[in-house]
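**Student:** Sharing a structure, written as structure tokens. Questions coming.
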Amino acid sequence: MRFTDGPSVHCDVHVEADVPRVWELVTDIRLPALLSPELQRVAWLDGAEGPSVGACFEGYNYHQQLGEWRTVSRVVELDEQRVFAWVVTDVDGRYGEPTLDPAKSMASWCYELEAEGGGTQLRQSALIGPGRSGVTLALERWPNRMEEIITFRKKELRAGMEATLRGIKALAESGS
């Protein structure tokens, strides 16, 4: 696995709740901060009160090896009750030149929903890069450990996704 290949990871879960209920949860950008081990808090920017294409939100993250940092994400796809996707940018220049350019995003994230058997099939996915991030810093420091570094990061992302999806599933199925 090479960084230029665009490493990605996804997780799926079946939720015994209808699509509108699951959609309500996945488009609440504050919810993952309650469920994820890395994302600490999130807020809409520029007066946005909910998701729409072009809307931005800031996220505050923490990682044991990297400390704390802020990102700004931009919603890039919103297909009502089907797809909610955003790109994450390094607006503060923590990992290189500050940017809001989606083409230089640190990562891209997506939720996809599909009605299935009276419930909802929910997928969360992430694509690392193509822009600079903690992964690129590690790769620059240890270029001969590329596969190990990418595998490790994908494992971390998968664990965070699994925790988030378990939380969404529990909330949706309990009606909370």
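**Student:** So which residue, out of Asp12, Asp46, Asp101, gets the largest mean-square fluctuation from a GNM of the chain using Cα contacts under 10 Å as springs?
**Tutor:** So, out of Asp12, Asp46, Asp101, the one fluctuating most is Asp46.
**Student:** What full-extension length gain, to one decimal in nm, is calculated for Asp12 and Leu66 as 0.36 nm per residue of separation minus the Cα-Cα distance? Spell out each step's value before the answer.
**Tutor:** On the way: separation 54, 0.36 × 54 = 19.44 nm, distance 2.78 nm.
Full-extension gain reported as 16.7 nm.
**Student:** State whether the range 85-162 is rounded, prolate or oblate according to the following rule on the C-alpha gyration tensor (a ≥ b ≥ c being the square roots of its eigenvalues): a/c under 1.5 gives rounded; otherwise a/b larger than b/c gives prolate, and the remaining case gives oblate.
**Tutor:** Working: a/c = 3.65, a/b = 1.60, b/c = 2.28.
Judged from the Cα gyration tensor, the range 85-162 comes out oblate (a/c at least 1.5, b/c at or above a/b).
**Student:** While we're on this one: Can you list which of the trypsin sites (Lys or Arg not before Pro) found in the range 68-105 are DSSP loop residues with at most 15 other C-beta atoms within 10 Å?
**Tutor:** Numbers: sites: Arg70, Arg74, Arg82, Arg94, Lys104; in loops: Arg82, Arg94.
Counting only loop positions with at most 15 other Cβ atoms within 10 Å, the trypsin sites (Lys or Arg not before Pro) in the range 68-105 are Arg82.
**Student:** Mind ranking 31-42, 119-130 by how tightly packed they are, going by the mean number of other C-beta atoms within 10 angstrom, highest first? Walk me through the intermediate numbers first.
**Tutor:** Working: 31-42: 17.3, 119-130: 19.9.
In decreasing order of mean packing, 31-42, 119-130 become 119-130, 31-42.
**Student:** Now a separate question. Quick one: if the Förster radius is 30 Å, what FRET efficiency do Arg166 and Leu45 give, using the C-beta to C-beta distance and rounding to 0.05?
**Tutor:** Working: r = 28 Å, r/R0 = 0.95.
It comes to 0.60.
**Student:** What's the FRET efficiency of Gln121 with Glu97 using the Cβ-Cβ distance as r and R₀ = 35 Å, to the nearest 0.05? Could you put the intermediate results ahead of the total?
**Tutor:** On the way: r = 39 Å, r/R0 = 1.11.
In this case the efficiency is close to 0.35.
**Student:** Now a separate question. Helix-only mean residue ellipticity at 222 nm, the chain, DSSP H runs n ≥ 4 weighted -39,500 (n - 2.57), per residue, nearest 500. What is it?
**Tutor:** Working: 4 runs with 50 residues, N = 176.
Dividing the helical sum by the residues of the chain leaves -9000 deg cm²/dmol.
**Student:** While we're on this one: Based on DSSP H assignment, which helices of the chain show an axial Cα extent of at least 20 Å together with a mean Kyte-Doolittle hydropathy greater than or equal to -1.0?
**Tutor:** On the way: long enough: 146-174 (42 Å, -0.24).
Span-like helices in the chain: 146-174.
Computed from the coordinates by the stated procedures, all read-outs in this text should not be read as laboratory data. Worth saying up front: this structure is predicted, and the values here are computed from it rather than measured. Don't worry about glycine lacking a Cβ; one is built from the backbone with ideal geometry, like all the others, and counts go over all protein chains shown.
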